[in-house]
Amino acid sequence: MYSLNQLVIPNCKRQWILMDMETCLPLLSPLRYHIDHLAHRSLSTQSASLQAVKFFYEFWQQKHRVTFCYSFYSSGHNPDIAIAEMPAFSLYLG
């Protein structure tokens, strides 16, 4: 379903990216998060942060049968859809 992949770019440092294994493409929202907030962080910080995002994406897929990116786009980019799921997500993790 989703996978953390490490990219090695010549003459640059390594980067972790969250990928959709069906399409073999990076997920849009996590990619934007990576570019805006994680790109200059350590590899361990990138990995830990994206692992948490991966768990949320897997939870969303199992519960709603669509990707979070699709739901977020369909909602008009309304963050309340994710916020409303936090109690259920915490139970999912436990």
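The values are calculated or read from the model by the stated rules, or taken from the named source; none is laboratory data. Quick caveat: nothing in here was measured; it's all calculated off a predicted structure. With ideal geometry, Cβ positions are generated from the backbone for all residues, glycine too; neighbour counts draw on all protein chains shown. Accessible surface is based on the protein model in full, side chains and every heavy atom, while ligands, DNA and RNA are left aside. Shrake-Rupley method; radii C 1.70, N 1.55, O 1.52, S 1.80 Å.
Against the definition (under 15 Å from the mean Cα position of the chain (by Cα) and open to solvent by 80 Å² or more (accessible area, probe 1.4 Å)), how does ASP80 come out, yes or no? Against the criterion (under 15 Å from the mean Cα position of the chain (by Cα) and open to solvent by 80 Å² or more (accessible area, probe 1.4 Å)), ASP80 does not qualify.
Matching residues to (1) in a loop (DSSP other than H, G, I, E, B); (2) surrounded by 13 or more Cβ atoms within 10 Å (Cβ to Cβ):
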| position | (1), (2) |
| --- | --- |
| ILE9 | yes, no |
| LYS13 | yes, no |
| TRP16 | no, yes |
| THR23 | yes, no |
| LEU31 | no, yes |
| HIS34 | no, yes |
| ARG41 | yes, yes |
| GLN46 | no, yes |
| LEU50 | no, yes |
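Screening GLU85 against (1) under 18 Å from MET1 (Cβ atoms); (2) open to solvent by 90 Å² or more (accessible area, probe 1.4 Å) leaves a single unmet condition, (2).
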